[in-house]
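Below is one structure, written out as structure tokens; the observations come after it.
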């Protein structure tokens with residue numbers, strides 16, 4: 001029986017998004033294969049995580065493309081981006097917490113390209129007067145990643161409804177936590 005690598009990665013991502021400390025045995029069971037088969041495809045946990053990182057980069061790239069970041073005003077583009085990342089937010093949350101991922105030029109280049117696209121969106125919004133200028137675009141980019149990850153964990157833990165997370169992330173990022181006293 002041929003093993004579908006994308007199926008294994010998808011199963012691993014789903015499990016690790018819920019339980020980041022899962023063992024290779026648990027990952028193999030989640031994928032419906034034996035541990036030896038998993039090891040034939042991924043030499044160890046590090047190799048699996050690196051493959052998941054590549055998958056995450058590809059998924060986030062597709063989400064950015066689907067969000068059409070250059071179209072319309074920046075807040076609308078940001079809302080589309082948040083909505084498009086929702087299906088892969090759990091994987092992104094897991095990857096965001098994996099410190100060892102930030103080693104090596106090839107890996108960093110993938111994230112750097114993604115960061116640059118989001119950074120450009122925030123800069124455009126600042127230049128057009130839609131986003132605050134007292135917060136740097138780099139900080140806003142990191143805040144977006146953090147909120148996407150936090151939203152994924154909150155949905156997973158049942159603290160936030162899946163249907164509410166996109167709106168909640170966008171409103172907090174765009175409006176801040178301060179209550180407006182305007183009537």
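The values are calculated or read from the model by the stated rules, or taken from the named source; none is laboratory data. Note that this is a predicted model, so its numbers are computed, not measured. No Cβ is skipped: glycine too gets one built from the backbone with ideal geometry, and neighbour counts run over all protein chains shown.
Checked against (1) surrounded by 13 or more Cβ atoms within 10 Å (Cβ to Cβ); (2) within 16 Å of residue 96 (Cα to Cα); (3) at pLDDT below 85, residue 3 passes all but a single condition, namely (2).
Looking at the structure I just gave you, is residue 132 more than 16 Å from residue 92 (Cβ to Cβ) and either assigned to a loop (DSSP other than H, G, I, E, B) or touching a helix residue (DSSP H, G or I) at 6+ places or on another chain (Cβ under 9 Å) (or both)? Write out each step before concluding.
Values: more than 16 Å from residue 92 (Cβ to Cβ): yes; either assigned to a loop (DSSP other than H, G, I, E, B) or touching a helix residue (DSSP H, G or I) at 6+ places or on another chain (Cβ under 9 Å) (or both): yes.
Spelling it out, residue 132 is indeed more than 16 Å from residue 92 (Cβ to Cβ) and either assigned to a loop (DSSP other than H, G, I, E, B) or touching a helix residue (DSSP H, G or I) at 6+ places or on another chain (Cβ under 9 Å) (or both).
Residue count for the range 6-31, restricted to those that are touching a residue at least 24 places away in the same chain (Cβ under 8 Å) and assigned to a loop (DSSP other than H, G, I, E, B): 1. Among the residues here, residue 114 qualifies as within 15 Å of residue 59 (Cβ to Cβ), under 13 Å from the mean Cα position of the chain (by Cα), at pLDDT 90 or above and assigned by TED's automatic domain parsing to the domain that holds residue 61.
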